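What follows draws every value from the coordinates through simple rules; no lab data is involved. Note that the coordinates shown come from a computational prediction; the quantities given were computed from them, not determined experimentally. Virtual Cβ from ideal backbone geometry, glycine too; neighbours counted across all protein chains shown.
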């Protein structure tokens, strides 16, 4: 009886060992689980920016009108009765000024998108020995030769837009004189460098003459119209 029990115990023990070995072998031979798939790429919201108009048209139809909102917001009108300073007064006045500032600050970055400098067939006033403007090809060559300067001119204009936005928030019309001068300087520095190569010397002479006549008074500096 004791021998029979011992034999059964051995059989059971052997069976357990065999099952354990089989389980271990199965675990070792099982393929490793697949690595987690990479996260799905987010859909692209913004595609490539494609220009619609040339630099000349962008300036004429967007940036120049936006600048005029700023230039026209403050002025000195001289009449027989004396001079009158005009500044934004109403909410509508300030809202119009903000439109100009925002359009300038945002719109000037469109100049970072490569685009023609003039419409097809438009060579600017660049023909002849006394040509006043550079041709689109000459402008493009200057930009390609020094893109850092091109971007710096863009940033200068954008900074004026941001400056005027802050002035609107504070409704501090007294700061508009400086902002207008800053805008005039940013515009003319760009124009003289890329568009009107002979205008720089002309404005220097005009500035000297105005200083002789009036001194450095607000609203009486050369190019104050922004054109």
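Sorted by packing (mean other beta-carbon atoms within 10 Å per residue), highest first, where do 185-197, 166-178, 81-93 land?
Per-residue mean Cβ counts within 10 Å order the peptides as 185-197, 166-178, 81-93.
Can you put 74, 99 in order, fewest other beta carbons within 10 Å first?
Working: 74 20, 99 14.
In increasing order of surrounding Cβ atoms, one gets 99, 74.
Please list the radius of gyration and Dmax for the stretch 44-95, considering alpha-carbon atoms only, with Å as the unit.
Taking only Cα atoms of the stretch 44-95, I get Rg and Dmax of 18.2, 63 Å.
Please rank 109, 69, fewest neighbouring Cβ atoms within 10 Å first, as an exposure proxy.
109, 69
Report, please, the projected area of the stretch 55-214 averaged over directions, based on the convex hull of its C-alpha atoms, in nm².
That works out to 11.5 nm², a quarter of the Cα hull's surface.
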